[in-house]
Amino acid sequence: MDLGVKGKVALVAAASRGLGFAVARRLAEEGALVAMCSRDQVAIERAGKEVQAATGSQAYAAACDVTRAEEVEAFVAEVAHRFGRLDILVTNAGGPPPLSFEQTSLEDWHAAVTLNLISTVTLCKASVPHMKRLGAGRIVNVTSIAAKQPVENLILSNSSRAGVLGFSKTLSVELAPYHILVNTVCPGYTRTQRVIDLAKARVERYGISEAEAYDYWNRQIPLGRLGEPQEFADVVAFLCSERASYVTGTVVQIDGGFVQGII
Ligand code: NAD
């Protein structure tokens, strides 16, 4: 299937590793020109070079902390200036720390909402005017299964991610007249540094082995295993593509069947 993204400009946030990196690489494999950011200049430059070397597509990589509105605005403006357009936005960030309610401070709450909800808003705010000018666009907001099914000890994530679902659905309605399609994806347990960190936290919290931490997750996933970043990226690339031209306002789980709800 030709995704029809060749020559399109795709901005992928938080892309130095993990899910964001896999999406940037996948879109570049399909011929998109990608712009990638994360906080660390050295790491994102390395990631950009890796994408370019592996795919032959142009990859622009720069440091940008998505929790800082002024950095996001500057990065998006630079991408639109360099490439002359912006067709695709994939919002993404890191995840908040695993804590129970009583372990959290008010600062933790502000930080989590800024990291996972406000950063999505900021990236969309800066990008939508460029898409409106084109009269077309794709936005895919990366959140988490935590938005649909609360995860133990992740109250910060469970709360802030759910807000992204309400934001995305509303935005999809408001932007439909401009042919800008907005969807949300909910990754389940996927083999990245984030999951390694969460496994370590379970080892410390419960005094179990790392193998037991992974077994605990595998038992809850109907497909019986963690996902691979590539499997996540394939679905996101489809939603970014011309082939998904009648899909907007949806929430897609990429979780091996983890979420037990039926809607
Ligand atoms: P990861 O830790 O492997 O990578 C996170 C990326 O985000 C890195 O490139 C990091 O540099 C970047 N980043 C972090 N904070 C940033 C900031 N403020 N500004 C810019 N870049 C920033 O994580 P991942 O597994 O790739 O996860 C991506 C998102 O998906 C996270 O929000 C994570 O919580 C969520 N998620 C992941 C899983 C999973 O199993 N991997 C499951 C559900 C949700």
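The values are calculated or read from the model by the stated rules, or taken from the named source; none is laboratory data. All values reported here derive from a predicted model rather than from experimental measurement. Methodologically, a virtual Cβ is constructed for each residue, glycine included, from the backbone with ideal geometry; neighbour enumeration extends over all protein chains shown. Areas reflect the complete protein model, heavy atoms only, side chains present, ligands, DNA and RNA absent. Shrake-Rupley method; radii C 1.70, N 1.55, O 1.52, S 1.80 Å.
Divide, for region 16-170, the radius of gyration over alpha carbons by 2.2 N^0.38 Å, where N is the residue count. Spell out each step's value before the answer.
Values: Rg = 16.0 Å, N = 155, 2.2 N^0.38 = 15.0 Å.
Ratio of Rg to 2.2 N^0.38 Å for region 16-170: 1.07.
For the chain, the list of Cys residues with no other Cys C-beta under 4.7 Å reads C124, C186, C240. Compute the relative contact order of the chain as a whole-number percentage, counting only Cα pairs closer than 8 Å that sit 6 or more residues apart in sequence. Once normalised by length, the contact order is 20 percent. The Cα center of region 50-90 and the Cα center of region 241-263 differ in position by 25 Å.
Please state the relative contact order of region 104-188 as a whole percent: Cα pairs under 8 Å, 6+ residues apart?
Numbers: 100 pairs, mean separation 32.0, N = 85.
38 percent.
Length, then width, then depth: along the principal axes, the Cα atoms of region 125-164 run 43, 14, 10 Å.
List the residues of region 63-100 whose backbone N lies under 16 Å from a point placed 7 Å from the Cα of W109 along the Cα-to-Cβ direction. So the set is 97, 99-100. In degrees from 0 to 90, rounded to the nearest 10, what is the angle of the helix 210-220 Cα long axis to the longest principal axis of the chain? Tilt of helix 210-220: around 70 degrees.
Taking only protein heavy atoms and a 1.4 Å probe, what accessible area per residue, in Å², does region 18-133 have with all protein chains in place?
Per-residue accessible area for region 18-133 comes out at 46 Å².
Compute the relative contact order of region 55-153 as a whole-number percentage, counting only Cα pairs closer than 8 Å that sit 6 or more residues apart in sequence. Relative contact order here is 38 percent. For the chain, the longest principal axis of the C-alpha atoms and the axis of helix 193-206 are separated by about 20°.
What residues from region 116-135 fall in the zone where the backbone N is under 18 Å from a label point 7 Å along the Cα-to-C-beta line of E73? Under cut-off, by backbone N: 118-131. Given a 1.4 Å probe and the protein chains as shown, E71 ends up with an accessible area of around 70 Å². Carbon-plus-sulfur accessible fraction, region 69-176 (probe radius 1.4 Å, protein heavy atoms only): 59%.
F101 to R46: FRET efficiency via 1/(1 + (r/R0)^6), r the Cβ-Cβ distance, R0 35 Å, to the nearest 0.05?
Values: r = 38 Å, r/R0 = 1.08.
The formula returns an efficiency of 0.40 here.
log₁₀ I(q)/I(0) of the chain at q = 0.11, 0.15, 0.16 Å⁻¹, via Debye over equal Cα point scatterers, no solvent, to two decimals? Results for the chain at q = 0.11, 0.15, 0.16 Å⁻¹ read -0.57, -1.07, -1.22. Each 10 Å bin, from zero up to the one with the longest distance, holds this percent of the alpha carbon pairs of region 169-263: 15, 36, 28, 15, 6, 0. Rg/Rh, computed from the Cα trace of region 100-141 with Rh as the Kirkwood radius, has the value 1.24.
May I ask for the equivalent-ellipsoid semi-axes of region 110-215, computed as the square root of five times each C-alpha gyration tensor eigenvalue and listed largest first in whole Å?
Working: eigenvalues 226, 32, 25 Å².
Working through the eigenvalues yields semi-axes of 34, 13, 11 Å.
Each peptide in 34-43, 194-203, 146-155, 208-217 receives the mean, over its residues, of other Cβ atoms within 10 Å, and ordering these scores from highest gives 34-43, 146-155, 194-203, 208-217. Quick one: helix 41-55 against the long Cα principal axis of the chain, what's the angle to the nearest 10°, folded into 0 to 90? The helix 41-55 is inclined about 70 degrees to the chain.
Calculate, in nm to one decimal, what Q58 and K200 gain on full extension: separation in residues at 0.36 nm each, minus their alpha carbon distance.
Numbers: separation 142, 0.36 × 142 = 51.12 nm, distance 3.63 nm.
This chain segment gains 47.5 nm when fully extended.
Label-to-label distance for H179 and E231 is 3.5 nm, based on points extended 7 Å past Cα in the beta-carbon direction. Label sites at R243 and V259, each approximated as a point 7 angstrom past Cα along Cα to Cβ, lie 2.2 nm apart.
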